[in-house]
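See structure below.
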Amino acid sequence: MRAEVMRYPVQAPAPPVNPYLLDQVAWELYRDRRYREADEVIRQVLESGLVDAAFLFHAGLIAYAVGRKDEASVRVKQALSLDPRVHSR
């Protein structure tokens with residue numbers, strides 16, 4: 001029985017995603033002009049389901065940088081509706 005357990009190792013579950021940390025990573029990638037990478041990371045932030053003005057604002061600027069102008073406009077408007085001063089943080 002022990003041999004079978006060793007033959008089929010159980011994978012450890014993935015650690016939980018921290019959207020705040022991922023947002024910071026995405027923003028640093030954006031600031032380094034690594035827009036495609038930033039876009040991949042900010043999508044994970046948005047998929048977390050947590051609604052935050054800074055997340056939406058960053059997502060909007062990143063979307064604009066990768067050419068998704070309509071999405072960018074929507075995201076920035078959403079961010080400003082949650083916090084009109086989000087751009088000054």
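Values in this text are rule-based calculations from the coordinates and carry no lab data. For clarity, every value in this text was computed on a predicted model and none was experimentally measured. Glycine gets a Cβ as well: all are built from the backbone with ideal geometry, and neighbour counts include every protein chain shown.
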Of the residues Gly60, Gly49, only one is small (Gly, Ala, Ser) and crowded, with 20+ Cβ neighbours inside 10 Å; which? Gly60
More than 26 Å from Pro16 (Cβ to Cβ), over 16 Å from the mean Cα position of the chain (by Cα) and part of a helix (DSSP H, G or I) - does that describe any residue in the range 50-68? no
